[in-house]
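Input: a single structure, listed below in structure tokens.
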Amino acid sequence: MPIITINDKQIEVEKGLNVIQAAERLGIEIPHYCYHPGLPVDGNCRMCLVEVKGPRGFMAQVGCNTPCTDGLEVRTNTEQVKNMRQGVMEFLLHNHPIDCPICDQAGECKLQDYYMKYGKYDNRSIVEKVHKEKVVDIGPTVVLDQERCVLCSRCVRFCSDITKTNELTISERGVHSKIGVFPGYELKNNYSGNVVDICPVGALTSKDFRFKMRVWFMSSAKSICQGCSRGCNISADYKIPNVYRFKPRENTQVNDYWICDEGRFSYKKNKENRLLESFENNEQVEYDYSVEKFNKIVKSAKAKYSSKAIVALASPESSVEDNFMLKKYMKEVLGSEKVYGASFKPLGFEDDLLIKADKTPNKKGLEYLGISISEEDFIHELEKKEIKLLIVMNNNFILEAGDKVSKLLDGVEIISLSPFNTETSKKASLSIPVSSYLEKYGSVVNFKGQLQKFERAFDTFELDDSLAVSEWEFFGKIIAEVNKTNYHDIEDVWKDISNEVPSFSGLSFYEIPEKGLNVPEKIKKETEEKERLQKEADEKAKLEAEKVEAEKPLQV
């Protein structure tokens, strides 16, 4: 691998890295606008100019388009580099409108940040700024302000190289150059919101987020999009009790740097149709009463019909921990193995970039837990006509399955635990609220087997004084009364998961890497290690047997 020197510090890097990436490894920031690790290199903003040693000494060169080769010497902190950065900033701000007080990008704008770090020059301009169009409607999700644009071309490259839809272009020349859509076109693809994320200034802003919240008032939780089985990494930006936006988090193993628009705007669902109070036969009751009633109904059904008459329907939309604790509750408290994870949610649109047809985030997780996701298995159980009590966890099967199962529910009492007021919860004799995924810690497994954890943004009670808890906490309190094990923290649940689920053996929630862990690869490595140890043991036994045989006295 190449060994290069940056500011007299040597570092060994992989072949193919550029100077910006190598400097980042040393904790050295090289400012840039046009460069983005997920896009082709353009090298047009010149903000990343550094000094690179060549045949004629150190010369100015752009860091983004300079590959790391063995022996390369770079300087980023000289007076010359400082002057070049100031000069670039002066050119970029010469016609900039300075809309900071009303700009959505304020607080996360690279023009602001880099001016304070590398600019701080006296304004020498004595001419009128060049004016361009403002508040340009270029599509259903994005607004363009041409005056703020620094022509980094990130958005153009995104549409040409990532979505391959080519809606955006740069037209005109010189100081009159501007970003825009091709005549007769709109920025209307399934990933259009990403151009707002990658815009380093306030030229492209989101219609949905525009003027709603200043970024410095918000906190951010590392979460996972629940919109499909891809499991894109997102940042959930919120100010209690509201979530204001989802933004993609970089994870090259899952979603690179992007998310689809459907997932981006799914944050709104957290407050839509929420179930925050308990209901018995559609009459509101106290939460504590509903928990007591839950236990009474279950105990009564078990005593009257036996545990075989009680079935649980788990959820590929709930976390690994929630489904594990439901299964554990059924087994240890009720003595029943009848837990199904069928989802009747129809398959949707799929493309070759991120979007998957399976619109559930954790179907693979159910498989690793040993819970059947087969619709046929669950329907077959209903057809036996043995079920008297059905415990449904976050699964709107009544709406999604329709007549396929509704005619099989005669004589079946339903208890529902759900964060939303669904058709299933309305039909249930007892409906208990639980936390949504934004209000708890948990993990899901995507279609590739990538186990990923997500953080809690805020507690459910902070949303609307609800007493609801996560599903794993709900069942954990009941299980604790039986096996005397306390489940105060999600790590307590993972101690059991690690011991009882072979695919997750040896894992800890807090030690799951930020970008996830691939379960099939983990299983493969463990299998290979077992085979290696077994082979060594067999060879050792063979050698010892041969040794014993060789030491036997010769018989005449």
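The values are calculated or read from the model by the stated rules, or taken from the named source; none is laboratory data. Since the structure is predicted, the reported quantities are computational estimates derived from the model, not experimental observations. Cβ sites come from the backbone with ideal geometry, for glycine too, and all protein chains shown count toward neighbours. The accessibility values were calculated without ligands, DNA or RNA, using every heavy atom of the protein model including side chains. Shrake-Rupley method; radii C 1.70, N 1.55, O 1.52, S 1.80 Å.
Kindly report the accessible area of the range 1-132 per residue (heavy atoms of protein chains, probe 1.4 Å, no ligands, DNA or RNA), in Å². Numbers along the way, then the final one.
Working: 7330 Å² over 132 residues.
That works out to 56 Å² for each residue.
Mind listing the phi-derived Karplus ³J(HN,Hα) values for the range 45-58, rounded to whole Hz, using 6.51, -1.76 and 1.60 with θ = phi - 60°, and x for any glycine or proline?
Calculated HN-Hα couplings, in order: 7, 6, 6, 8, 4, 9, 9, 10, 6, x, x, 10, x, 7 Hz.
Round to the nearest 0.05 the FRET efficiency obtained for Ser508 and Gln253 when R0 = 25 Å and r is the Cβ-Cβ distance. If you can, show how the numbers build up before the last one.
On the way: r = 20 Å, r/R0 = 0.79.
Given R0 = 25 Å and the Cβ-Cβ separation, E is 0.80.
Between the range 132-189 and the range 216-260, what's the alpha-carbon centroid distance in Å?
Between the Cα centres of the range 132-189 and the range 216-260 lies a distance of 25 Å.
For the range 378-474, rounded, prolate or oblate, judged on the Cα gyration tensor with a ≥ b ≥ c (square roots of eigenvalues), a/c < 1.5 rounded, else prolate if a/b > b/c? Don't jump to the answer; show the numbers that get you there.
Numbers: a/c = 2.64, a/b = 1.55, b/c = 1.70.
Judged from the Cα gyration tensor, the range 378-474 comes out oblate (a/c at least 1.5, b/c at or above a/b).
Quick check for you: which residues of the range 437-455 have the amide N under 15 Å from the point 7 Å beyond the Cα of Lys524 toward its beta carbon?
Hits in the range 437-455 for Lys524 at 15 Å: 448-451.
Remind me, relative contact order of the range 255-363 in percent, using alpha carbon pairs under 8 angstrom and six or more residues apart? Don't skip to the end; give the middle numbers.
Numbers: 89 pairs, mean separation 23.4, N = 109.
Across the range 255-363, relative contact order equals 21 percent.
How big is the accessible area of Cys149 in square angstrom, nearest 10, if you roll a 1.4 angstrom probe over the protein chains?
So the heavy atoms of Cys149 present about 30 Å² to solvent.
Compute the acute angle (0 to 90°) between the alpha-carbon long axis of helix 490-500 and the principal axis of greatest extent of the alpha-carbon atoms of the chain; round to the nearest 10°.
60 degrees
Can you tell me the relative contact order of the range 43-171? Whole percent, Cα pairs under 8 Å, sequence separation 6 or more.
Numbers: 120 pairs, mean separation 24.5, N = 129.
Averaging sequence separation for qualifying contacts and normalising by length gives 19 percent for the range 43-171.
Ignoring everything except DSSP H segments at least 4 long, calculate the 222 nm mean residue ellipticity for the chain; use -39,500 (n - 2.57) per segment, divide by total residues, nearest 500.
Numbers: 17 runs with 168 residues, N = 556.
Taken over the chain, the calculation gives -9000 deg cm²/dmol.
Run the Debye formula on the Cα coordinates of the range 186-334, all scatterers equal and no solvent, and tell me log10 I(q)/I(0) at q = 0.15, 0.17, 0.18, 0.21 1/Å.
-0.92, -1.05, -1.12, -1.37
How high is the relative contact order of the chain? Use alpha-carbon pairs under 8 Å, at least six apart in sequence, and give a whole percent. Walk me through the intermediate numbers first.
On the way: 1009 pairs, mean separation 55.5, N = 556.
Here the relative contact order equals 10 percent.
Mind listing the lone cysteines of the chain, meaning no other Cys beta-carbon sits under 4.7 Å from theirs?
When partners are defined as cysteine Cβ atoms under 4.7 Å apart, the chain leaves Cys48, Cys64, Cys68, Cys100, Cys103, Cys109, Cys149, Cys155, Cys159, Cys199, Cys228, Cys260 without one.
Please report, to two decimal places, log10 I(q)/I(0) for the range 92-192 at q = 0.09, 0.10, 0.17 Å⁻¹ as given by the Debye formula with identical point scatterers on the Cα atoms and no solvent.
The computed values of log10 I(q)/I(0) come out as -0.26, -0.32, -0.89.
So if I take the centroid of the Cα atoms in the range 76-106 and the same for the range 386-452, what is the distance between those two points in Å?
What the calculation gives is 53 Å, centre to centre.
In terms of Cα to Cα distance under 19 Å, which aspartates and glutamates are near enough to Lys9, apart from those fewer than 8 places away along the same chain?
Hits, sequence-local ones excluded: Glu24, Glu29, Glu51, Asp70, Glu73, Glu79.
Would you list which lysines come within 20 Å of Lys495, measuring only between C-alpha atoms, while excluding same-chain residues fewer than 8 positions from it?
In chain and number order, the partners are Lys327, Lys328, Lys331, Lys440, Lys453, Lys477, Lys484, Lys522.
May I ask for the angle, rounded to the nearest 10°, between helix 287-305 and the longest principal axis of the chain, with both axes built from Cα atoms and the value confined to 0 to 90°?
40 degrees
Consider the candidate values [x] 1.10; [y] 1.21; [z] 1.46; state which one is Cα Rg over 2.2 N^0.38 Å computed from the structure displayed.
Given [x] 1.10; [y] 1.21; [z] 1.46, the calculated one carries the label [y].
So which lysines pass the test for Lys129, namely a Cα distance under 26 Å, with those fewer than 8 places away in the same chain ruled out?
Of all the lysines, those that pass the test against Lys129 - Cα under 26 Å, at least 8 places apart if same chain - are Lys82, Lys110, Lys117, Lys120, Lys178.
Where the Cα atoms of the range 454-556 are projected onto their three principal axes, how long is each span, largest first, in whole Å?
93, 35, 15
Could you work out what % of the accessible surface of the chain is carbon and sulfur, using a 1.4 angstrom probe and leaving DNA, RNA and ligands out of the count?
On the way: 13650 of 27410 Å².
The value for the chain is 50 percent carbon and sulfur by accessible area.
At a probe size of 1.4 Å, how large is the accessible area of Lys453, to the nearest 10 Å²?
Surface open to solvent at Lys453 totals about 50 Å².
Tilt of helix 79-94 relative to the longest C-alpha principal axis of the chain, in degrees (0 to 90, nearest 10)?
Helix 79-94 sits roughly 80 degrees off the main axis of the chain.
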